[in-house]
Amino acid sequence: MWPNITWVFIATFMFATSLQTTNAKMTIENRNKLIHAMTTELFEPAFLPKGPDRLVVKISKNANHCYEDLRAIERLQAATINDLSNIIYLSDIRAIPNLDFLKELPRDELFSIFMPHHQRLASKLINLLMEVGDVDEMLQRAYCIRDKTNPGLFVYALSFVLVHRPDCRSLKMRSLAHIFPGNFIKSSELEVAQHQMTIDIINQKDETVVEQPFDFSGNDLDPEHWLSYFREDVFMNLHHWHWHIWYPFIDPKNASNIPVVDKDRRGELFYYMHQQVIARYNFERLSNRLPFVEPFDDLKNPIADGYYSKLNQGLGSKPWAGRPKNLQFQNLNRYEFKISVQDLLRWKNRILDAIIQGKVRKADNTEIELNANTGINILGNMVESSVLSVNKKFYGDLHNMMHVFTALSHDPDGRFNEDMGVMGETSTAMRDPAFYKVHAMVDNIFNSFKETLPPYTVPELNFPAVEVTSISLQSDQSDVLNKLETHWEKFTISLNRSLDFLGEPNGNHIVSIKTDRLQHVPFQYNIKAVLSPPKGENP
Ligand code: CUO
């Protein structure tokens, strides 16, 4: 709905009179507001009012490298702003390096950090944001880049930078579930919410809350559906996304020299975190009378499970593709890469050979021993693979490409112009039953290595001066010891940052969706231990 000419004139006048520019440092509150503006309604231009509080970002006239026609934007902003109290002024935007590379990833395509060409773009973009010395300038540069960038790529890069720059530690970005609810909630449910919000706004209600039925992506005809509550859990998928932001495998070679990839034992942690997920998944499977997850060990076999997520990242993006049962990996010939199933097999065999030989070969043909202390870390970086892989050319890109092969198995050469399935993105991959089979295969590689190690010795496991005298669990809601309780819990996801509020007169409307998750009653461990000095020493 567009305002009439008189209203535009008045608003333009009011806007012009309120204009102030300043070179002063932004407050933390305004930095957070700017981040929220950049991550709200990502499929709409950044200069439009954002969210229910109609936040507007106004850029100074000298920043014409940010948008081509600033005057038109100013007129449009003036026509859509009815609350002058929620404006941020950006005046410090310096020239931005060439951004032509961002055109390589269209805005409507899904971003995948597992894809080599997306990794290259993400590295360049992250570098552009990491190299800026001043945090305000970095945020303003990000704002100018936002509308030229694929939304998935932009949010990945901004999250990465906010997590890794020390000067961003006090800043906040909303949960990814608020930014891309379409990665977590079925698109049909989001359409219901948008429709209901429109009705409620017309009826002058302040709030729309839509309750999602207790429902997941498939039904009980498929036994794997019994585990949907686990695989489609919003918080577990958020955890996985966040883990990969904090432990990236790409290296943006940032000028600031902040270590982003080479964190303590990161290769080992890749193994450990994912192994723990599979262990918990197996526990849930046993609870549902299903057997342990079957590792996808033979890459020539079909992927037994199909998966249809019903997700669509957002307006204007392609939906996450589905995959029928029993689809076989085929050679990939899409985008800028050609990788065959034989390549995957070769990489896997070379890794297994290295494990049997107890050593890996570096690119310069020197060797490194796989020992009990550092072997698992070396293997983790090789198998994943991260830029810390000792020899990526030789040991390849096994795990990341397993994600890509699974995500593109329905259209490996792109003849149907279909985008990827959920295995291509870290915030959606754990929904797919194939994720657990792929990672059980990866676990088997690490297990092969662990079997080559000698057992732990008693001194390695023992704390001679400490005696544990009792261990118990105490639930917050029961006096009975060692009793754990789980239950279904409704929780709310705000949709205020993703649904379209454009042109609506009631700017304070709150909209959210209620959905279910498995929760437990809080509990604590009670461990009693006695410290006694070794014999012959005084206490
Ligand atoms: Cu976290 Cu395969 O790496 O998913």
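The values are calculated or read from the model by the stated rules, or taken from the named source; none is laboratory data. Not measured: the values here are computed from a predicted model. No Cβ is skipped: glycine too gets one built from the backbone with ideal geometry, and neighbour counts run over all protein chains shown. Only protein heavy atoms, including side chains, enter the accessible area calculation; ligands, DNA and RNA are left aside. Shrake-Rupley method; radii C 1.70, N 1.55, O 1.52, S 1.80 Å.
Data overview
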{"quantity": "The stretch 409-419, subset out of contact with any Leu (no Cβ under 6 Å at 6 or more places or on another chain) and touching a residue at least 40 places away in the same chain (Cβ under 8 Å), residue nearest to the ligand (Cβ to nearest atom)", "calculated": "His410"}
{"quantity": "Residue check for Thr198: free of Cβ contacts under 8 Å to residues at least 24 places away in the same chain and either open to solvent by less than 40 Å² (accessible area, probe 1.4 Å) or part of a helix (DSSP H, G or I) (or both)", "calculated": "yes"}
{"quantity": "Any pair with Cβ under 6 angstrom, 6 or more apart, that starts in the stretch 312-326 at a residue that is closer than 10 Å to Pro151 by Cβ and ends at one that is open to solvent by less than 20 Å² (accessible area, probe 1.4 Å) and not in a strand (DSSP E or B)", "calculated": "Gln313/Phe180; Gln313/Gly182; Gln313/Asn183; Gly314/Gly182"}
{"quantity": "Test: residue in the stretch 58-75 that is over 26 Å from Met420 (Cβ atoms) and under 23 Å from the mean Cα position of the chain (by Cα)", "calculated": "no"}
{"quantity": "Residue in the stretch 254-269 that is open to solvent by less than 10 Å² (accessible area, probe 1.4 Å) and within 12 Å of the ligand (Cβ to nearest atom) present", "calculated": "no"}
{"quantity": "Residues (within 15 Å of the ligand (Cβ to nearest atom), assigned to a loop (DSSP other than H, G, I, E, B) and either closer than 16 Å to Val422 by Cα or open to solvent by less than 30 Å² (accessible area, probe 1.4 Å) (or both)) located in the stretch 238-253", "calculated": "Pro248, Phe249, Ile250"}
{"quantity": "The stretch 297-308, residues that are among the small types (Gly, Ala, Ser) and crowded, with 16+ Cβ neighbours inside 10 Å", "calculated": "Gly306"}
{"quantity": "Positions within the stretch 342-371 being open to solvent by less than 20 Å² (accessible area, probe 1.4 Å) and within 16 Å of His399 (Cα to Cα), in sequence order", "calculated": "Leu344, Ile351"}
{"quantity": "Options Val442, Val387, Val422: the member that is within 16 Å of the ligand (Cβ to nearest atom), crowded, with 23+ Cβ neighbours inside 10 Å and more than 18 Å from the chain's Cα centre (by Cα)", "calculated": "Val442"}
{"quantity": "Test: Lys359 is farther than 23 Å from Ser448 by Cα, among the basic types (Lys, Arg) and more than 16 Å from the ligand (Cβ to nearest atom)", "calculated": "no"}
{"quantity": "Meets criteria (surrounded by fewer than 16 Cβ atoms within 10 Å (Cβ to Cβ), in contact (Cβ under 8 Å) with a residue 60 or more places away in the chain, more than 28 Å from Ser175 (Cβ to Cβ) and not polar (S, T, N, Q)) for Glu294", "calculated": "yes"}
{"quantity": "Condition broken by Phe235, with the remaining ones in (1) under 30 Å from Gly380 (Cβ atoms); (2) among the hydrophobic types (A, V, I, L, M, F, W, C); (3) in a strand (DSSP E or B) satisfied", "calculated": "(3)"}
{"quantity": "Odd one out for Gln342 among (1) outside any loop (DSSP other than H, G, I, E, B); (2) touching a residue at least 24 places away in the same chain (Cβ under 8 Å)", "calculated": "(2)"}
{"quantity": "Lone unmet requirement of (1) in contact with a Phe, Trp or Tyr (Cβ under 7 Å, 6 or more places away or on another chain); (2) over 25 Å from Trp320 (Cβ atoms) for Phe111", "calculated": "(2)"}
{"quantity": "Residue match in the stretch 156-166 (condition: within 25 Å of Ile513 (Cβ to Cβ), open to solvent by 10 Å² or more (accessible area, probe 1.4 Å) and part of a helix (DSSP H, G or I))", "calculated": "yes"}
{"quantity": "Neighbours by Cβ (under 7 Å, 6+ apart or cross-chain): first from the stretch 393-408, more than 18 Å from Asn381 (Cβ to Cβ); second away from the ligand (no atom under 15 Å from the Cβ)", "calculated": "Val404/Leu332; Phe405/Phe329; Phe405/Leu332; Leu408/Leu332; Leu408/Arg334"}
{"quantity": "Hey, Gln275 more than 16 Å from the ligand (Cβ to nearest atom) and of a type in the set (S, T, N, Q) or not", "calculated": "no"}
{"quantity": "Hits in the stretch 278-291 - residues which are open to solvent by less than 20 Å² (accessible area, probe 1.4 Å) and within 16 Å of the ligand (Cβ to nearest atom)", "calculated": "Ile278, Tyr281"}
{"quantity": "Some residue of the stretch 333-352 being at pLDDT below 95 and in contact with a strand residue (DSSP E or B) (Cβ under 8 Å, 6 or more places away or on another chain)", "calculated": "yes"}
{"quantity": "Subset tally (residues that are within 29 Å of Asn371 (Cα to Cα), hydroxyl-bearing (Ser, Thr, Tyr) and either open to solvent by less than 100 Å² (accessible area, probe 1.4 Å) or touching a Lys or Arg at 6+ places or on another chain (Cβ under 7 Å) (or both)) for the stretch 451-485", "calculated": "2"}
